[in-house]
């Protein structure tokens, strides 16, 4: 009997060790690992790969080194504080970091996220200030005849305010390939607003971030149908939902609209064509195809300059859309439409757009009331 017990105990120990070894073999390596000096170690297990490269941290691909157990690694940095997107190129195939649950929201996600912080957070990073709330809504689009999603940011203290306290609303649109989650998860729009409000640089406002892809059959490079369908969805479903659900200032001076790239044109189209709904209009690095056609109603409005408070357009000097943006600016001048037009440093990228939001938000709603 004693021999049997000892055998069973030995088998149990062996089984436990075998399972532990199996778990160790299946466990992905830690990645990314941020060290105290802001150097970062990237790792991926790819025992069959012939080459692995790191993409996104620098402007060139970085070769990773193969180590034991088929784990490839690379140490970079020290990195400047900020929010980075990166991916691995494994034998010419791009993939996210399987060890990192933080992924950039996109229609087809292909990059992982890395954030580097310090004791002095950047303007879009978390600070010890009052924070607002990001709400996720599912709604039925009456024009598109299907369920859609959007995110709404409410400013700090919104839930505890008196029932009569109302706030202006900034409708904020994303770019091609992004989703309704990208402005918060990667753009950090909610943290930018939290920090601005805490510093007294902008009035408390709501942010509404819908899904900009209204046309499911949209062809590459042809956005016109998507613009038209998106406008119908925003005006027919999103605005009514927001005004019915939240304590908003439902008037032109209580609404602003802005967006980046594809969303920049969506914002300009909806805003310029509807000064009766939006008094503050912006475009960040806007993609502006067929602007004269899409903006025909607004461009022919003789009272446009009187009806709006601000038309604000910015783009980076190294942005590949700059020439088209300059043609758009000339079109506005041709029709006598006043705008605050600026070419800034930077290209077509998120560090630029976060800065644009930080600049735009303090310009709106200063006299909206509430």
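The values are calculated or read from the model by the stated rules, or taken from the named source; none is laboratory data. Values in this document were obtained by computation on a predicted structure and should not be read as measured data. Using ideal geometry, Cβ is built from the backbone for each residue, glycine included, and neighbour counts are taken over all protein chains shown.
The table below lists the values:
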{"item": "Qualifying residue in the stretch 176-197 (condition: more than 20 Å from the chain's Cα centre (by Cα), more than 18 Å from residue 284 (Cβ to Cβ) and not assigned by TED's automatic domain parsing to the domain that holds residue 102)", "result": "no"}
{"item": "Flag for residue 44 being under 14 Å from residue 112 (Cβ atoms), touching a strand residue (DSSP E or B) at 6+ places or on another chain (Cβ under 6 Å) and not in a loop (DSSP other than H, G, I, E, B)", "result": "yes"}
{"item": "Odd one out for residue 163 among (1) at pLDDT below 95; (2) in contact with a helix residue (DSSP H, G or I) (Cβ under 8 Å, 6 or more places away or on another chain)", "result": "(2)"}
{"item": "Test: residue in the stretch 307-319 that is crowded, with 16+ Cβ neighbours inside 10 Å, in contact with a strand residue (DSSP E or B) (Cβ under 8 Å, 6 or more places away or on another chain) and more than 12 Å from residue 282 (Cα to Cα)", "result": "yes"}
{"item": "Among (1) more than 19 Å from residue 192 (Cα to Cα); (2) part of a loop (DSSP other than H, G, I, E, B); (3) free of Cβ contacts under 8 Å to residues at least 60 places away in the same chain; (4) in the same structural domain as residue 183 (by TED's automatic domain parsing), the one test that residue 58 misses", "result": "(4)"}
{"item": "Check on residue 369, part of a loop (DSSP other than H, G, I, E, B) and at pLDDT below 95", "result": "yes"}
{"item": "Filtered residue count, the stretch 82-97, keeping only those that are in a loop (DSSP other than H, G, I, E, B) and surrounded by 15 or more Cβ atoms within 10 Å (Cβ to Cβ)", "result": "2"}
{"item": "Pairs with Cβ under 6 Å, 6+ apart, first in the stretch 61-73 and under 14 Å from residue 51 (Cβ atoms), second part of a loop (DSSP other than H, G, I, E, B)", "result": "70/47; 72/46; 72/64; 73/67"}
{"item": "Residue list for the stretch 165-223, restricted to those being surrounded by 24 or more Cβ atoms within 10 Å (Cβ to Cβ) and without any contact (Cβ under 8 Å) to a residue 12 or more places away in the chain", "result": "none"}
{"item": "Failed condition for residue 119, given (1) without any contact (Cβ under 8 Å) to a residue 40 or more places away in the chain; (2) within 21 Å of the chain's Cα centre (by Cα); (3) surrounded by fewer than 15 Cβ atoms within 10 Å (Cβ to Cβ)", "result": "(2)"}
{"item": "Failed item, numbered, when residue 38 is tested on (1) surrounded by 12 or more Cβ atoms within 10 Å (Cβ to Cβ); (2) touching a helix residue (DSSP H, G or I) at 6+ places or on another chain (Cβ under 9 Å); (3) more than 17 Å from residue 95 (Cα to Cα)", "result": "(2)"}
{"item": "Lone unmet requirement of (1) under 21 Å from residue 117 (Cα atoms); (2) in contact (Cβ under 8 Å) with a residue 40 or more places away in the chain for residue 88", "result": "(1)"}
{"item": "When residues of the stretch 51-81 are limited to those that are within 26 Å of the chain's Cα centre (by Cα) and more than 16 Å from residue 32 (Cα to Cα), the one surrounded by the most Cβ atoms within 10 Å (Cβ to Cβ)", "result": "61"}
{"item": "Residue within the stretch 289-303 that is touching a strand residue (DSSP E or B) at 6+ places or on another chain (Cβ under 7 Å), under 16 Å from residue 258 (Cβ atoms) and either assigned by TED's automatic domain parsing to the domain that holds residue 261 or at pLDDT below 95 (or both) present", "result": "no"}
